[in-house]
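Read the structure below first, then the notes.
The values are calculated or read from the model by the stated rules, or taken from the named source; none is laboratory data. What you are looking at is a predicted structure, and each value in this text was computed from that prediction instead of being measured. Neighbour counts run over all protein chains shown; Cβ positions are idealised from the backbone, glycine included.
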Amino acid sequence: MRRGGAPGFAWNGKRNRGVDLTKYGPYRTPVEIYEHFRKVLGGLPGYEEHSLGETRRGRRLYAWSVGEGAASVLYTAGCHAIEFIGVEQCAAIADELAGPRRGLLEKACVWFMPVLNPDGHYKVRELIRRRLCPLVKTNARRVDLNRNFPVGFHEPHKGGIMAGSHVKLINYHGPAPISEPESKALEKLVDLARPAFAMNLHSFGEKICFPPCHYKGRTADHELFEKIGGEMAALQPHPYKVCAENEMYLTYGDISDWMYEEKGIKPFLLEIGAFGMFASPPSSWWNIFAWTCPPDAAAATANNTAACVHLVEAAIENAAHSAS
Ligand SMILES: [Zn+2]
């Protein structure tokens with residue numbers, strides 16, 4: 001029997017004490033998050049709710065936009081099912097823009113897709129409820145949505161087990177690029193929003209990343225990515241490392257590469273938290289959920305919200321430059 005430490009599960013699926021997500025985190029359900037976005041953003045200038053289709057399990061996919069300026073920024077979260085902290089981070093960004101930083105909405109239009117993969121999210125909750133190992137990244141068809149995009153999809157995958165071509169692994173790229181309803185929804189959203197910058201919220205690793213993902217080397221915008229990434233890190237009480245995504249391992253069919261190479265967007269990927277094997281207390285080392293989601297969600301997101309909102313300022317500055 002486990003003693004003391006973080007509430008959790010055995011990584012191997014052995015029955016355990018489980019965790020109450022209304023207390024641990026706490027972490028809200030997608031439906032609660034949707035209500036939060038409607039409540040917080042509704043009534044602000046330019047507010048709109050966007051319905052982007054349905055998942056395999058018939059759950060509606062939503063995005064919201066707010067603001068009336070020319071500079072367009074997109075925040076996405078909840079791509080990898082178990083990374084609930086990204087969803088909470090997305091909500092914290094919306095709170096900040098609806099509250100203290102509301103002035104930015106005069107010059108920007110900000111888009112949010114807080115739960116890209118609601119089927120996966122509810123699957124994680126179901127496993128937690130049954131006190132089973134909740135290690136789920138994929139959608140209902142077991143496709144890793146962050147490997148399901150066209151850039152590099154058909155390349156020979158040289159990145160080892162994280163690359164995306166292994167059918168039985170948690171990062172399988174799917175039968176074809178943009179084969180999944182969630183991927184189609186994101187494509188629809190990107191074509192509607194036409195953002196200049198984007199931020200995709202993930203966990204864990206304490207990193208502010210940018211393309212490329214599918215090859216070693218640098219993009220033509222490497223210096224701009226490093227500059228804006230550095231500005232973001234400077235706004236974090238506990239600064240994250242700023243680096244290209246390829247520094248960890250190569251991935252193929254990644255959303256960031258697709259946004260950058262095919263859609264002309266400058267995307268960042270935030271890896272929230274130093275959890276994993278570096279989580280504290282050590283008793284959480286065998287709690288897979290604690291690897292990606294900290295016990296205090298508000299404290300974890302507070303470190304990053306100003307940095308994330310800075311992307312809107314960067315987009316406003318960039319729009320002013322391209323207009324002049
Ligand atoms: Zn992730």
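For Y240, are the conditions met, namely being crowded, with 21+ Cβ neighbours inside 10 Å, over 27 Å from S65 (Cα atoms) and of a type in the set (S, T, Y)? If you could, list the steps in order and put the result at the bottom.
Working: crowded, with 21+ Cβ neighbours inside 10 Å: yes; over 27 Å from S65 (Cα atoms): yes; of a type in the set (S, T, Y): yes.
Here the answer is yes, as Y240 does meet what is asked.
Taking the criterion of being more than 16 Å from the ligand (Cβ to nearest atom), under 30 Å from A297 (Cα atoms) and without any contact (Cβ under 8 Å) to a residue 60 or more places away in the chain, the only residue of segment 173-202 that qualifies is E187. Among the criteria (1) in contact with a strand residue (DSSP E or B) (Cβ under 8 Å, 6 or more places away or on another chain); (2) under 19 Å from C79 (Cβ atoms); (3) not in a helix (DSSP H, G or I), the one S256 does not fulfil is (3).
Under the condition of being under 15 Å from G120 (Cβ atoms) and not polar (S, T, N, Q), which residue from segment 42-59 is surrounded by the fewest Cβ atoms within 10 Å (Cβ to Cβ)? Break it down into steps so the answer makes sense when it comes.
Step one: list which residues in segment 42-59 are under 15 Å from G120 (Cβ atoms), which gives 54-59.
Checking the rest, the ones that are also not polar (S, T, N, Q) come to 54, 56-59.
On the way: E54: 15, R56: 13, R57: 13, G58: 8, R59: 19.
Per the stated criteria, the residue is G58.
Here is a check on your reading of the model: is C213 buried (at least 24 other Cβ atoms within 10 Å of the Cβ), within 16 Å of the ligand (Cβ to nearest atom) and assigned to a loop (DSSP other than H, G, I, E, B)?
Judged against the criteria, C213 is a match.
Picking from residues in segment 146-179 that are over 12 Å from T251 (Cα atoms) and among the aliphatic types (A, V, I, L, M), the one that is modelled with the lowest pLDDT is V167.
Among the residues of segment 180-199, those that are under 15 Å from the mean Cα position of the chain (by Cα) and of a type outside the set (A, V, I, L, M) comprise E182, S183, F197. The numbered conditions (1) more than 21 Å from I170 (Cα to Cα); (2) surrounded by fewer than 21 Cβ atoms within 10 Å (Cβ to Cβ); (3) at pLDDT below 90 are all true for M277 except (1).
Which residue is nearest to P181 (Cα to Cα), if the candidates are limited to segment 119-131 and must be within 14 Å of the ligand (Cβ to nearest atom) and in contact with a helix residue (DSSP H, G or I) (Cβ under 8 Å, 6 or more places away or on another chain)? Steps first, answer last, please.
If we filter segment 119-131 for residues that are within 14 Å of the ligand (Cβ to nearest atom), which is where we start, we get 120-121, 124.
After this cut, where a residue has to be in contact with a helix residue (DSSP H, G or I) (Cβ under 8 Å, 6 or more places away or on another chain) as well, the list is 121, 124.
On the way: H121: 15, V124: 19 Å.
Among those that are within 14 Å of the ligand (Cβ to nearest atom) and in contact with a helix residue (DSSP H, G or I) (Cβ under 8 Å, 6 or more places away or on another chain), it is H121.
Quick one: would you say K158 is within 19 Å of the chain's Cα centre (by Cα) and surrounded by fewer than 16 Cβ atoms within 10 Å (Cβ to Cβ)? No.
Would you say D144 is surrounded by fewer than 23 Cβ atoms within 10 Å (Cβ to Cβ) and either under 18 Å from the mean Cα position of the chain (by Cα) or closer than 19 Å to F268 by Cα (or both)?
Numbers: surrounded by fewer than 23 Cβ atoms within 10 Å (Cβ to Cβ): no; either under 18 Å from the mean Cα position of the chain (by Cα) or closer than 19 Å to F268 by Cα (or both): yes.
No; evaluated as a whole, the condition is false for this residue.
Taking the criterion of being more than 17 Å from I208 (Cβ to Cβ) and either modelled with pLDDT under 95 or not in a helix (DSSP H, G or I) (or both), the residues of segment 81-97 that qualify are A81, I82.
Tally up the residues in segment 71-87 that are in contact with a Phe, Trp or Tyr (Cβ under 6 Å, 6 or more places away or on another chain) and under 16 Å from I128 (Cβ atoms), please.
Within segment 71-87, the first condition is being in contact with a Phe, Trp or Tyr (Cβ under 6 Å, 6 or more places away or on another chain), and the residues that meet it are 73-75, 84.
Retained after the next criterion (residues that are under 16 Å from I128 (Cβ atoms)): 84.
Residues that pass the stated criteria total 1.
With respect to the conditions (1) on the phi < 0 side of the Ramachandran plot; (2) within 16 Å of the ligand (Cβ to nearest atom), G205 lacks only one, and its number is (1). Being away from the ligand (no atom under 16 Å from the Cβ) and at pLDDT 90 or above holds for only one residue in P267, P282, P295, P237, and it is P237. Do we have F84 as under 11 Å from the mean Cα position of the chain (by Cα), away from the ligand (no atom under 16 Å from the Cβ) and either closer than 21 Å to H173 by Cα or among the aromatic types (F, W, Y) (or both) here? So F84 does not fit the description; no. For segment 39-70, the set of residues classified as in contact with an Asp or Glu (Cβ under 7 Å, 6 or more places away or on another chain) and without any contact (Cβ under 8 Å) to a residue 24 or more places away in the chain consists of R60 only. Among the residues of segment 29-74, count how many are assigned to a strand (DSSP E or B), closer than 17 Å to P181 by Cα and of a type in the set (D, E, K, R). Qualifying residue count, segment 29-74: 2. Restricting P134, P100, P150 to those that are away from the ligand (no atom under 16 Å from the Cβ), in a loop (DSSP other than H, G, I, E, B) and touching a residue at least 40 places away in the same chain (Cβ under 8 Å) reduces the list to P150.
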